[in-house]
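Please read the structure below before turning to the comments.
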Amino acid sequence: MKRASFIGLLLVPMIAAGSEAWRLTLSGHQSFVFGDDRLAAGLRVPWEVVIDFRVEAGEFLLGHGRARWIDRLDTISNPAGWFDCHKVPGTYLDSNLVMHETPRVRLAAFPVAGAVNGNRVQLKPGFSAPGNYIAVTYECETGNPTASNWFPFAERGKQILGKRQDIEVRQEGDQQWVRVREVMSLPPEEMLELPLQDGWSFVRGAPDAPRYVSYQLRRRAD
């Protein structure tokens with residue numbers, strides 16, 4: 001009995017040593033814009049997605065993710081100084097005809113499946129179409145008479161790019177206002193494959209681009 005107990009104690013740390021905890025952090029921003037390259041107004045909304053998972057004896061264990069928008073918004077104005085924008089309370093209907101308040105992340109928490117193949121890991125978020133997204137309501141205005149073509153330019157840009165925007169516009173002389181409800185997808189939109197390497201990082205876009213995503217993979221101590 002004593003010998004069996006001693007062997008059992010030796011096996012416990014060996015199993016624990018084969019289990020690794022990992023965290024993938026995706027951070028960046030989305031630009032919500034009413035307009036086109038010539039006349040544009042909107043907000044840059046930062047966000048963060050964190051995926052935690054474990055690997056044990058070379059096998060992937062079910063992970064989980066969480067997503068949030070960060071209340072640190074930057075105004076977008078092109079040309080600079082022409083437009084003033086800010087976040088406002090709003091509502092929208094989702095695909096199931098359920099009313100929600102904005103700003104809102106569709107899935108603040110979600111499961112993550114995956115697989116390990118050698119020194120690489122595949123991560124697949126457990127949500128279906130329309131995927132994860134952030135919904136925001138914002139208002140922009142301008143009194144600049146040179147911005148008289150703002151509304152037609154913005155409508156043309158919306159049609160060309162297929163933007164999911166619901167807008168209300170108002171104009172009194174040179175003063176123009178718009179209220180926009182808009183939805184944009186959050187990463188990961190699909191399966192991710194990356195090296196299972198502590199400190200691995202990758203960037204898509206640039207910090208001043210309309211969409212920017214930074215990936216950071218870390219081994220956790222727990």
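No value in this document is a laboratory result; all are computed from the given coordinates. Only a predicted model underlies this, so the values are computations on that prediction, with no experimental measurement involved. For neighbour counting, all protein chains shown are included, and Cβ atoms are generated from backbone atoms with ideal geometry for every residue, glycine included.
Residues in the stretch 182-187 carry Karplus couplings, in order, of 9, 10, 9, 6, 10, x Hz; the curve used is 6.51 cos²θ - 1.76 cosθ + 1.60 with θ = phi - 60°, and Gly or Pro positions show x. Net charge dipole, the stretch 20-220: roughly 440 debye, given to the nearest 20, about the Cα centre with Cβ charges of +1 for Lys and Arg and -1 for Asp and Glu. Converting the Cα gyration tensor eigenvalues of the stretch 12-136 into ellipsoid dimensions via √(5λ) gives semi-axes, longest first, of 38, 17, 12 Å. Note on A80 and E101: with the Förster distance fixed at 25 Å, the Cβ-Cβ geometry gives a FRET efficiency of about 0.20.
Note down the relative contact order for the chain as a percent, whole number, built from C-alpha pairs under 8 angstrom at least six residues apart. Result for the chain is 23 percent. For the chain, the alpha carbon positions stretch 92, 36, 27 Å along the principal axes, listed from largest to smallest. Counting only GluC sites (Glu not before Pro) that sit in a DSSP loop (anything but H, G, I, E, B) with at most 15 other Cβ atoms within 10 Å, what is the longest stretch of the chain containing none of them? Maximal segment without exposed cleavage sites: 1-188. Placing +1 on the Cβ of every Lys and Arg and -1 on the Cβ of every Asp and Glu, with no other charges, gives the stretch 67-170 a dipole of roughly 540 debye about its Cα centre. Ranked by how many other Cβ atoms sit within 10 Å of their own Cβ, fewest first, the residues S77, S95 fall in the order S95, S77.
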